[in-house]
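The values are calculated or read from the model by the stated rules, or taken from the named source; none is laboratory data. Computed from a predicted model, the values in this text were never measured in an experiment. Please note: Cβ atoms are built from the backbone with ideal geometry, for glycine as well, and neighbour counts cover all protein chains shown. When the accessible area is computed, the model is the full protein with side chains, heavy atoms only, and any ligands, DNA or RNA have been set aside. Shrake-Rupley method; radii C 1.70, N 1.55, O 1.52, S 1.80 Å.
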Amino acid sequence: MTRLQGVSEPESVKPKRGFLESVRDISRNPEPERVGQRWGFGAFLLVEAVFILSAVFITAVAKQFGVSLLDSVPLVLVGSIVPTLLAAGTAIVITYVRGNGPKVDLRFSMTKEDLATGLKLGILGLVLTYSAATIWAKVVGEENATSAVGDLLSGSNLPLAAAITMFLYVSLVGPVCEEIIYRGLLWGAVERQGWSRWAAFGLTTVVFAIGHFEPLRTSLLLVIAIPIGIARLLTRRLGASIVAHVMNNFLPGLTLLLVSVGVM
């Protein structure tokens, strides 16, 4: 038997059609053994280190040249996008070097079911996000109800190309990369320990919220992460959570685009 044999999902554990059947399937059919995967929590910690250290490095280099994040459009783009891309890229490389590749180890695939489930939970996520954000803004105050990216772009009129680049990052590239890191790599590390899928859902939801390093927004991010994690939980694949995450980020990304070009 080759290394890749036995790692695909047996027919008996493939998600059933229908929402109720998918929910029952969560506990009824555990994940198949992760044959050939030789990475775990250490891989996730390495990816997080790449993210943090690259962000620190970019900031330090900018300071050496007397450039501030608040004054440089290129630095805003590089400082926001590059660390996330490097971290997600490192996660994918790890699966090739220490496992079976992202399709098997990260469950990185997209089916019609993933698209449908992701769209449904993405819509639910938008409703939850709007409701939670409204309550959160009242609790912390309107002046504090912003994100790190929003703070960088507030009051700045970005060139159109830069604004579109940031929109694509917030609404598409960022969600894909974050799903690879959290509900791909971290989820896989949890499952490799033999923990339940519910444990994977709970841990990745919490770490996702904390991993944005925005303490004031952690509670809001927890709410945002729930429908995204449920998409991964129900389908057992990364495609659905990516779709749900992209949908959840689209309106905030569009708002940032309009604000940054001075329309709003």
Work out, step by step, the length gained on full extension between residue 135 and residue 41: first 0.36 nm times the residue separation, then minus their alpha carbon distance; give nm to one decimal. 30.4 nm
Charge tally for neighbours of residue 192 with beta carbon under 14 Å away, counting Lys, Arg as +1 and Asp, Glu as -1, is +1
Take the alpha carbon atoms of region 174-209, find their center, do the same for region 125-143, and report the distance between the two centers in whole angstrom. 25
Label zone at residue 161, where the point sits 7 Å out along the Cα-to-Cβ direction: region 53-76 residues whose backbone N lies under 16 Å: 73-76
Considering only DSSP states other than H, G, I, E and B, which chymotrypsin sites (Phe, Trp or Tyr not before Pro) in region 53-120 qualify as loop sites with at most 15 other Cβ atoms within 10 Å? 65
Accessible area per residue in Å² at 1.4 Å probe, computed on region 39-261: 45
When every protein chain stays in place and a 1.4 Å probe is rolled, 44, 51 sorted by accessible area with the largest first are 51, 44
With label points set 7 Å from each Cα along the Cα-to-Cβ direction at residue 72 and residue 111, the distance between them in nm comes to 4.7
Tally up the carbon and sulfur contribution to the accessible surface of region 39-261 as a whole percent, 1.4 Å probe, everything protein left in place. 74
Rounded to two decimals, what ratio of Rg to Rh does region 163-210 give with C-alpha atoms and a Kirkwood Rh? 1.13
Accessible area of residue 76, 1.4 Å probe, to the nearest 10 Å²? 10
Please label the shape of region 39-261 as rounded, prolate or oblate, based on the square roots a ≥ b ≥ c of the eigenvalues of the alpha-carbon gyration tensor (a/c under 1.5 means rounded; beyond that, a/b larger than b/c means prolate, else oblate). oblate
In what order, largest first, do 212, 245 sit by accessible area if the probe radius is 1.4 Å? 212, 245
Students sometimes get this wrong: rank 166, 110 by accessible area, probe 1.4 Å, all chains present, largest first. 110, 166
So, with +1 on the Cβ of K and R and -1 on the Cβ of D and E, and no other charges, what is the size of the charge dipole of region 39-261 about its Cα centre, to the nearest 20 debye? 700
